[in-house]
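Have a look at the structure below, then the notes.
Quick note: the coordinates plus some simple rules give every number you see, no bench work behind them. Here the structure is a predicted model, which is why all the values come from computation and not from measurement. Note: ideal-geometry Cβ built from the backbone for every residue, glycine included; neighbour counts use all protein chains shown.
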Amino acid sequence: MRNRKLKIAPSFKKDLKKIDVLVRADAKNKTNILLMNPISNELNIKKLKGFQNKYRVVIIKNHRMIYTFNKEELILVRIKHRKDIY
């Protein structure tokens, strides 16, 4: 598996400022795994229904990170509490 380039959406940057330090740390760890394999069996990844090529991964129990990817890059779209993200 090859490493992808990381791209962060402005909405993700805005969300990141509002979340807890522990959630940010877990998100960083999971992002490193996703860069190597965006559909890793190691993580609890689900494809979002109604969207083409958008996925979510659980970050510390109640937070979700939405992302998409292609051959060259991993794009982080949003990170929020599960009640607010959908």
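Cross-link pairs exceeding 18 Å between alpha carbons, from the set Lys61/Lys83; Lys5/Lys47; Lys13/Lys61; Lys30/Lys83; Lys46/Lys83; Lys13/Lys80: Lys5/Lys47; Lys13/Lys61; Lys30/Lys83. So which aspartates and glutamates can Lys17 reach, going by Cα to Cα under 14 Å and dropping same-chain residues fewer than 8 places off? Partners found: none. A simple packing score, the average count of other Cβ atoms within 10 Å per residue, orders the peptides 30-37, 61-68 as 61-68, 30-37, with the highest score first. A simple charge model with +1 on the Cβ of Lys and Arg, -1 on the Cβ of Asp and Glu and nothing else charged puts the dipole of the chain at about 240 debye relative to its Cα centre. The modelled label-to-label distance between Ala25 and Gln52, using points 7 Å beyond Cα along the C-beta direction, is 4.0 nm.
Summary value for region 5-85: 35 percent relative contact order, contacts being C-alpha pairs under 8 angstrom separated by 6+ residues.
Here the dipole of region 24-66 is about 220 debye; that uses its Cα centre as origin and unit charges on the Cβ of Lys and Arg (positive) and Asp and Glu (negative). Selection among Ile85, Gln52, Pro38 by position relative to the dipole of region 5-85 gives Ile85 as farthest towards the positive end (Cβ unit charges, Cα centre).
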